[in-house]
1. Per residue and in Å³, how big is the convex hull formed by the alpha-carbon atoms of region 9-261?
2. Could you name the lysines in cross-link range of residue 670, using Cα to Cα under 19 Å and dropping any fewer than eight places away on the same chain?
3. Taking 0.36 nm per residue of sequence separation and subtracting the Cα-Cα distance, how much length would be gained by fully extending the chain between residue 538 and residue 247, in nm to one decimal?
4. Would you compute, from DSSP H runs of 4+ residues alone, the mean residue ellipticity of the chain at 222 nm, taking -39500 (n - 2.57) per run and dividing by the full residue count, rounded to the nearest 500?
5. If you count only protein heavy atoms with a 1.4 Å probe, what accessible area per residue comes out for the chain, rounded to a whole Å²?
6. Considering the Cα trace of region 175-266, what is its radius of gyration and what is Dmax, both in angstroms?
7. Using a 1.4 Å probe, how large is the accessible area of residue 334, given in Å² and rounded to the nearest 10?
8. In straight Cα distance, which aspartates and glutamates are under 17 Å from residue 169, not counting same-chain residues fewer than 8 positions off?
Amino acid sequence: MTETAPQTVTTERHDDVLVAIVDNPPVNALSWHVREGILNAVEELQRDDSLKAMVLRCAGATYIAGADITEFATGMKGPDLNSVINAMESSPKPVIAAIHGTALGGGLETTLGAHYRIAVPSAKLGVPEVKLGLLPGAGGTQRLPRLVGVALAAEMASGGAPISAAKAKEAGLVDELAGETSLAEDAIAFARAKIAKGPRPTRDLPIAPDADAINALKTANARKWRGFDAPYANLACVEAATRLPFDEGMTFERAEFMKLMMGTQSAAQRHIFFAERKASKIDGIAKDVALRPVAKIGIIGAGTMGGGIAMNFLSKGLPVTMIETAQEALDRGVATIRKNYESTAAKGRMTSEQVEGAMGLLSTALDLTELADCDLIIEAVYENMEVKKEIFTKLDAIAKDSAILASNTSYLDIDEIASVTSCPENVLGLHFFSPANVMKLLEVVRGAKTADDVLATAMAVAKKIGKVAVVAGVCHGFIGNRMLTPRQVEAMNLLMEGATPQQIDKVHVEFGMPMGPFQMSDLAGVDIGWHRDPARIESIRDALCAEGRFGQKTGAGFYDYDDKRNPSPSARVQAIIDEFAAKSGKPKRDISDEEIIERTLYPMVNEGAKILAEGKAQRASDVDVVWIYGYGWPVYRGGPMFWADLEGADKIVAGLEKHGLEVAPLLKEKAETKGRFN
Ligand code: 3H9
C-alpha cells in the first residue's frame, strides 16, 4: 500500500483478548483503510501467542453500517471485503463481533465472518443492499441462511428491512445480548468464555433448502418488485446456498453481485440514496442558522389534505389545532383521522394507546383566532387565490410574530399570497402530496422574501415528520406538477392522433410508473381545475366533465369503472376522442410505444431543464427526488434527470425535434457538450 492509511482501526489488549475498534465517522463504513485495519488486527491476533480471542467493535453511534458506498463510484483499493471476512472466519482463535446501533450490509457480513455475536438490545441487524439495487456480496447470501435459516435470510435479503437484536437472538444471528451500556466489557467477558470452545466458522454450519419460503416471497411481492432485478438476484443467491458447496456458492454470489453492480438499476438506486440526503441541504444558507421552535401546529381546512397533514404531526406527538368554517366539516375531518389511525391499529402497526395519544393532541375550532399561539400554521383549503389571500390577511393579524405561515397550494404563487401579509419573510409553501399522511415527498416552496431561518426550520420540521423535503422556487406547479403539465398536454395530443388512453397508460406502467397519465387523472379527479361550465366544451376533458365523468369517484372518467373500481376501456370516451380528432382534421394513425415515450417523457426532461435553468430547483438530483417520492417514478430508473443522463441528452433533443416539440437551451447545451444533469 503506497498511500498511508488513516488510523480508523485501533487495537487494545485486555490480557488475553484483543479488542479492535473501528472509528470511521459518521457510520463506520468499510472504507479501504477500515478493511485494512481489521485485517491487520486479525494478523496481530495470530502473531501473539498470549492473545486467545478478538473482539471487533465500533466507536460512535453505530456498528459498521456497510460498505463505503462512495467507493463504488471511485474504485476500490486495499484488501477486498471478502478477504477480510475470510481472514476473520479462518482464524484459529475465536473472533467476536460486538454490535450496537446498526450492523448493516457489509457491516453485518463482518459479523457473519466472526464466530460469535453479542449485541445490545437496541441494535438492529440487516442487509439493506437490495435498496441500493445490490445484494450482500461479501458472503452475506451464503452465510446468513446458514445461521438463521433460508426463510428469514431470504426475507431479510430480498426486502432489506433490519431486524431487532431480540429477533436476531431468537433466530440464532446473535448469541448473546449485552447490557445496553456495557457492551465493551460484556464483549470481552463473552470472548473469554468462548476461548475454550474455539472458533465456529459460519461457512461450516449446515443448511436446509426451503423453496416454499422463497416462492412465497416472490408471490407476495410480485407487485412491489415489478421491474426490479435485485430482489430476485438476492433470492437466487440464497437458493444457491442451499444446493452448492460454500465456495461455489460464493462464486455464484460474486457473479450476481457484479451483474447488479455494473447495471444501471443499482447506479440509479445509489444515486437516489445520496440525492435524498443532498436534498435536505439548502444552498446559500449558513449551516448554523438558528431554527425557530415549532411546538404547536395550526391547520386550516379539515378536508382530505388538512386531515392527512395533521396526522403527520399528531403521530410525532405534536399538538394540532384544526380549523374549519362549519362544525360538520370539523366532525367529518376528525372522524376520518380517527378512522385512519384505527385502521393502522387494526393492522397491528399502532397500539390503541397510541391512537388515543395522537387523537388527544388534536383540538378543533371554528375561529382562526384559536391559532394565535401556533408556531406553524398550514393553510390547506381549496385552490383559490382570493380565498387564500383572505385567510392570510386574517392570519397576519392573528398569528404571533414568530409564527411560520405556510400554504399547501400545489400551483399558486406563494409571493402573491405572502404579499397580503406584513411579514412575507414568515411565509412559504409546504406542498404535501396526497395522501399526505403516507406520501414521503414535501415540496418546500421558498418565496422571494422567505427568511433563511423560516426555510431551514421548515426543512427540519419535514425531517421530524419523516418527509423527504425538496426546496422549490415559486413557479406554476413548482417542480413536480410543473413537469406534469407538458406530459399531460402531449398525452392528450396523442389521443387525437390515434393513441388510446389504455395504450398510453400501458407504456407508462411498463416503464415502471405506478400508473399512466389517464389512470392518474381518473384517480385524482378529471374535474380538478375544470371551469365548471358544462356548456363550454373546448377539449376532451371538458366533454368528459360535462357528462359527469370526473374519474373513479363518479364511476367513470377516461375509463369506465365497476363497483369495485376495476377499470375497463370506455366506448363513450373513444367516441368523444374520435369526435375531437375528426374536428382537428389530423388523420388518425398507428402510434408506436416509442413515440409515446418520446412525446410524454422527453418533454418532462425538457421542463426539468427549464426548472434548473431558472433556479427553481437547487440541483438535478432534487428533481429526481421529487419524481421518485411524489409520483412513483421507478427508483431503478433514478428519476427523470438521471434517466435523461442514461438516455443521453442528444437522443432526447433529437426525439423532441422529430416531433416538433420545444427544446430548452440547457437541454440543448447538454446535448452539444455531451454533458450530464447529475
Ligand atoms: C454494502 O455493504 C455492499 C456489501 O454487501 C458488498 C461489498 C462487496 N457509505 O443516513 P444518514 C453517509 S452496500 C458511505 O443521514 P442516519 C450519508 O451519505 C451498503 N456513506 O444518517 C450521510 O452523509 P452526509 C449497505 C454513507 O443516522 C451520513 O453518512 N449499507 C453510508 O439517518 C449520515 O447518513 C447500507 O445501505 C455508506 N454505507 O442513518 C446502509 N451510509 O452527512 C446505508 C451512510 O454527507 N446507510 N453514509 O449527507 C443507512 O441506511 C443510514 O445511513 C444509517 C444511518 C441507518 C446507517
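The values are calculated or read from the model by the stated rules, or taken from the named source; none is laboratory data. Keep in mind that what you see is a predicted model, and the values were worked out from it rather than measured. As a convention, Cβ positions derive from the backbone with ideal geometry for all residues, glycine included, and neighbour counts pool all protein chains shown. Ligands, DNA and RNA are excluded from the accessible area calculation, which covers all protein heavy atoms including side chains. Shrake-Rupley method; radii C 1.70, N 1.55, O 1.52, S 1.80 Å.
1. On the way: hull volume 28.3 nm³, N = 253.
In region 9-261, the Cα hull volume divided by residue count equals 112 Å³.
2. Within the straight-line cut-off, residue 670 pairs with 610, 616, 651, 658.
3. Values: separation 291, 0.36 × 291 = 104.76 nm, distance 6.87 nm.
Answer, rounded to one decimal: 97.9 nm.
4. Values: 29 runs with 324 residues, N = 678.
Result for the chain: -14500 deg cm²/dmol, rounded to the nearest 500.
5. Values: 28300 Å² over 678 residues.
That works out to 42 Å² for each residue.
6. Cα radius of gyration and Dmax of region 175-266 are 18.7, 50 Å respectively.
7. Accessible area of residue 334: about 40 Å².
8. By straight Cα distance, residue 169 reaches 109, 155, 180, 186.
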